[in-house]
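Notes follow once the structure below has been shown.
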Amino acid sequence: MPILPAAQSLWDQIYQNVFADGRFMSYIKGLGVTLQITICACILGIVIGLIVAIIKVSRESSKSPILKVLNKVCDVYLSIFRGTPVMVQLLIFSLVIFGKAPIPKEWVCVIAFGINSGAYVSETIRAGILAVDVGQMEAGRSLGLTTITTYRYIILPQALKNILPALCNEFIALLKETAIVSTIAVVDLTKAANQILSRTFNAFVPLITAALFYWIIVTIMNFFIKRLERRLRQSDKR
């Protein structure tokens with residue numbers, strides 16, 4: 001049966017924008033950059049968020065002058081990075097802070113997104129810590145454990161169990177936010193699609209292809225997040 005002209009035309013567009021001249025590898029390389037930035041920024045965000053959350057929680061039960069100063073610094077950090085657009089922050093890091101520094105643009109993106117993510121992760125972790133019964137800290141201290149050791153072995157494991165799905169959702173949000181790195185000439189998935197668009201003058205197929213890659217990654221992550229949530233609910237019933 002002969003192929004309809006419309007179907008033939010669509011296949012030609014797909015071939016020219018996805019497979020011709022090795023363009024599929026451009027999508028794959030762009031996706032690799034996107035995942036690299038997302039994973040590294042997420043790790044940095046969790047580290048920063050954990051430090052900020054512990055400072056904020058410790059300040060509520062301590063009158064230490066050092067903690068008071070650190071708490072003020074954390075308040076300013078949270079206010080700035082939660083109160084300004086992430087794209088503006090990325091441009092400031094790229095063009096102002098690291099404008100003349102010999103550092104790859106990809107790592108500038110990791111720093112910018114990691115610091116931005118840390119501001120949101122810190123509030124998630126802080127909520128998880130506050131959800132743990134206060135008696136857990138008292139029990140750890142009564143056993144002779146230091147505050148840091150009690151947080152490490154008693155408080156944080158329970159808090160992280162409760163907020164793990166939320167952290168996974170933060171990873172998904174971060175993955176989608178990285179689409180703006182193309183504004184500073186980083187060749188991620190979105191930038192790769194735009195480059196192919198500029199060569200073939202076809203906007204539909206490259207952008208739909210990029211969207212499909214994002215959708216597939218997010219769908220896979222949502223699948224594992226739901227399985228994780230079911231496992232956590234089952235463990236709570238035991």
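The values are calculated or read from the model by the stated rules, or taken from the named source; none is laboratory data. These figures come from a predicted structure and were not determined experimentally. We place every Cβ from the backbone using ideal geometry, glycine too, and count neighbours over all the protein chains shown. With ligands, DNA and RNA removed, areas are computed over all heavy atoms of the protein, side chains included. Shrake-Rupley method; radii C 1.70, N 1.55, O 1.52, S 1.80 Å.
Within the bounds of segment 98-120, is there any residue that is open to solvent by less than 30 Å² (accessible area, probe 1.4 Å), at pLDDT 95 or above and of a type in the set (Ser, Thr, Tyr)?
Scanning segment 98-120 turns up at least one residue that is open to solvent by less than 30 Å² (accessible area, probe 1.4 Å), at pLDDT 95 or above and of a type in the set (Ser, Thr, Tyr).
Out of Leu91, Leu160, which single residue is aliphatic (A, V, I, L, M), surrounded by fewer than 18 Cβ atoms within 10 Å (Cβ to Cβ) and modelled with pLDDT under 95?
Being aliphatic (A, V, I, L, M), surrounded by fewer than 18 Cβ atoms within 10 Å (Cβ to Cβ) and modelled with pLDDT under 95 holds for just one of Leu91, Leu160, which is Leu160.
Go through segment 12-38 residue by residue and tally those that are among the aliphatic types (A, V, I, L, M), touching a residue at least 24 places away in the same chain (Cβ under 8 Å) and either closer than 30 Å to Ile125 by Cα or out of contact with any Phe, Trp or Tyr (no Cβ under 6 Å at 6 or more places or on another chain) (or both).
Qualifying residue count, segment 12-38: 5.
Looking only at helices (runs of 4 or more DSSP H) that lie completely in segment 68-164, which have at least 2 residues being touching a Phe, Trp or Tyr at 6+ places or on another chain (Cβ under 6 Å) and in contact (Cβ under 8 Å) with a residue 12 or more places away in the chain? Walk me through it before giving the result.
On the way: elements: 86-91, 105-131, 134-142, 147-150.
In segment 68-164, 105-131 are the helices (runs of 4 or more DSSP H) which contain 2 or more residues that are touching a Phe, Trp or Tyr at 6+ places or on another chain (Cβ under 6 Å) and in contact (Cβ under 8 Å) with a residue 12 or more places away in the chain.
Is it true that some residue in segment 222-238 is outside any helix (DSSP H, G or I) and at pLDDT below 85?
Within segment 222-238, the first condition is being outside any helix (DSSP H, G or I), and the residues that meet it are 238.
Retained after the next criterion (residues that are at pLDDT below 85): 238.
Yes, because at least one residue in segment 222-238 is outside any helix (DSSP H, G or I) and at pLDDT below 85.
Since Ile115 meets every condition but one in (1) over 30 Å from Pro157 (Cβ atoms); (2) in contact with a Gly (Cβ under 9 Å, 6 or more places away or on another chain), which condition does it not meet?
Of everything listed in (1) over 30 Å from Pro157 (Cβ atoms); (2) in contact with a Gly (Cβ under 9 Å, 6 or more places away or on another chain), Ile115 misses just condition (1).
Report yes if Leu175 is crowded, with 17+ Cβ neighbours inside 10 Å, part of a helix (DSSP H, G or I) and either of a type in the set (Val, Ile, Thr) or modelled with pLDDT of 90 or more (or both), otherwise no.
Answer is yes for this residue.
When you check Thr183 against the structure, is it surrounded by 17 or more Cβ atoms within 10 Å (Cβ to Cβ), in a helix (DSSP H, G or I) and among the hydroxyl-bearing types (Ser, Thr, Tyr), yes or no? Walk me through how you get there before you give the answer.
Details: surrounded by 17 or more Cβ atoms within 10 Å (Cβ to Cβ): no; in a helix (DSSP H, G or I): yes; among the hydroxyl-bearing types (Ser, Thr, Tyr): yes.
So Thr183 fails the test.
Mind telling me which of the residues Gly45, Gly83, Gly32, Gly22 ends up being loosely packed, with under 11 Cβ neighbours inside 10 Å, closer than 30 Å to Ala193 by Cα and not hydroxyl-bearing (Ser, Thr, Tyr)?
So the residue among Gly45, Gly83, Gly32, Gly22 that is loosely packed, with under 11 Cβ neighbours inside 10 Å, closer than 30 Å to Ala193 by Cα and not hydroxyl-bearing (Ser, Thr, Tyr) is Gly22.
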